[in-house]
1. Test each condition in (1) at negative phi; (2) out of contact with any Gly (no Cβ under 6 Å at 6 or more places or on another chain) for ASN231 and report the one that comes out false.
2. When segment 335-355 is examined, which residues are found to be farther than 26 Å from SER96 by Cβ and either charged (D, E, K, R) or free of Cβ contacts under 8 Å to residues at least 60 places away in the same chain (or both)?
3. Is it the case, given these coordinates, that LEU304 is within 26 Å of LEU427 (Cβ to Cβ) and either at pLDDT below 95 or not in a loop (DSSP other than H, G, I, E, B) (or both)?
4. Any idea which of (1) touching a Gly at 6+ places or on another chain (Cβ under 7 Å); (2) farther than 24 Å from VAL419 by Cα is the one ILE283 doesn't satisfy?
5. Out of (1) within 23 Å of the chain's Cα centre (by Cα); (2) at pLDDT 95 or above; (3) within 26 Å of ASN402 (Cβ to Cβ), the odd one out for GLU33 is which?
6. Considering only segment 284-322, state which residues are of a type in the set (Val, Ile, Thr), closer than 17 Å to ALA43 by Cβ and more than 17 Å from the chain's Cα centre (by Cα).
7. Would you check which residues across segment 339-396 are surrounded by 15 or more Cβ atoms within 10 Å (Cβ to Cβ), at positive phi and either among the hydroxyl-bearing types (Ser, Thr, Tyr) or more than 24 Å from the chain's Cα centre (by Cα) (or both) and list them?
Amino acid sequence: MRFSHRMGRAVGAVSALGLLLLCGPAQASSHREAPAISFDPAADNTDVWAWLSSDSSTLYIVAAYNPLEEPSGGPNFNKFSDDVLYQIHITRGDQSLADVMTYDFRFSTSRIKRVDPADQSAPPGGGKEFFAQLSGQTQTYTVTKNAAGQRPTNIASGVAVAPPNIGPRTNVVAYQIPANGYDDYSLTFVKDLGSEGKVWAGPRDDGFYVDLARVFDLANFAGSVTPPLPNATDGVSGFNCHAIALAIPTSNLTGTGQPPTSGPSDAQTLGIWASASRRKVSILRNDGTTDADGPWVQVSRLGLPLINEAVIGLQDKDKYNRTTPVTDVKNFGAYFLNPVVVRDYEVVAQTTVADNLKFGRTDILDAINLTNFPTPGAHQFGLNVTGDVLRVDLGVPSQFPNGRMIGGGANPNQDQADVTDILLSLLLTGNTSGISDGVNSNDKAYLTQFPFLASPWEGAQQGHGKPAP
């Protein structure tokens, strides 16, 4: 495969990228984007955010999994899988896309002891309860830091996962908090790691907003030649996800042990991505337990928003989830240069798209590599270090695509830009507007504090059921 030179074109790669940059941090997602992972929601990456604090002292990373969780989905409410290795990967500099730091998360759910169901004298928590939240079962996790060239370090053990937001009676009886106290209660699960920062894990509101129904009806939304369907609907409204949040001192990430220096620099630019892996061999026992063995096999990943969903073709989406950014140019470079979504849009919208939008899209590579951010030629990442990573230059204030922030928009429930509209418009028209799904805000206000995603929707009163007639 031959990569063409950056060239002038009608839309102008630099000007299109400039428009994208001006729009600021944004929001996107990768829900059920590949055939295989759609059958394994607990291991399905949905979002990755990474951005600097205003004083550049802290890098925030939030990785979300398990899309479209129904809040009232009991009695076995959604949780992290004990059989999945959840990882946050960090690369650094312009020499390699190999990890310089990896954070491993392993979850463990306590076993429920068996009690004779006929023994009515046994107190709640014995395991025979009808209500799972009275069983006494808990989930905890460990965090292992793997720094290149060093032995793995366990930086957290036995940390409690925030429980599901089931309802007011569960709050009072099972959690022993006020009926309306879940929001504050969930924040008590933030764990201080000392010099390693902070960590949190548990259910959150799914912070993505999009008209899923119209998008997947062959892009039946504003900007199509035929009249779009009316009444845009947020298809993710009212659903939860499970999220892992890290707050890491930037002095731990520069490679020098010192805070980052001000100004753009390839050497102190990080690449962030998240993944989920399962053991190669899994044996299901008659008692319902599973024995897993063999090496870890990656089944999902996500770095930049919308890459596997909007750029990679259906035939290669599962392969994309099984590979790493190091091999992206070799395996998927043609998709970045010649996005198939443009060809498909030309068919379903019954329009003609200019060839310079279908072929040789080096502007997409420039956006991934921050080539012209914050100024033209600010970064010079070669093809050997080009891949699906969310880049964060530690010397420059975060602004998409240099990082991706949760919130920060004109209203508490908005990001500074709607990345679904912007990126699809950029891919399909060469501009950052013109294509819109009509959904412009989240259904909840984002938090202004760690872990930033809004509190999860409550099962008892905020599920998707309808009032009985």
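The values are calculated or read from the model by the stated rules, or taken from the named source; none is laboratory data. Just so it is clear, the structure is predicted and the values come from calculations on it, not from any experiment. Here Cβ is always computed from backbone atoms with ideal geometry, including for glycine, and neighbour counts include all displayed protein chains.
1. The number of the failed condition is (1).
2. ASN338, VAL340, ARG343, ASP344, GLU346, VAL347, THR352, ASP355
3. Details: within 26 Å of LEU427 (Cβ to Cβ): yes; either at pLDDT below 95 or not in a loop (DSSP other than H, G, I, E, B) (or both): yes.
Yes, satisfied.
4. Checking ILE283 against (1) touching a Gly at 6+ places or on another chain (Cβ under 7 Å); (2) farther than 24 Å from VAL419 by Cα, the one that fails is (1).
5. Just one mismatch for GLU33, condition (2).
6. Residues of segment 284-322 of a type in the set (Val, Ile, Thr): 289-290, 297, 299, 307, 311-312.
Subset that is closer than 17 Å to ALA43 by Cβ: 290, 297, 299.
THR290, VAL297, listed by residue number.
7. GLY360
Residue-by-condition table, conditions (1) out of contact with any Phe, Trp or Tyr (no Cβ under 7 Å at 6 or more places or on another chain); (2) surrounded by fewer than 22 Cβ atoms within 10 Å (Cβ to Cβ):
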{"residue": "ALA410", "(1), (2)": "yes, yes"}
{"residue": "ASP418", "(1), (2)": "yes, no"}
{"residue": "GLY438", "(1), (2)": "no, yes"}
{"residue": "SER441", "(1), (2)": "no, yes"}
{"residue": "LEU447", "(1), (2)": "yes, yes"}
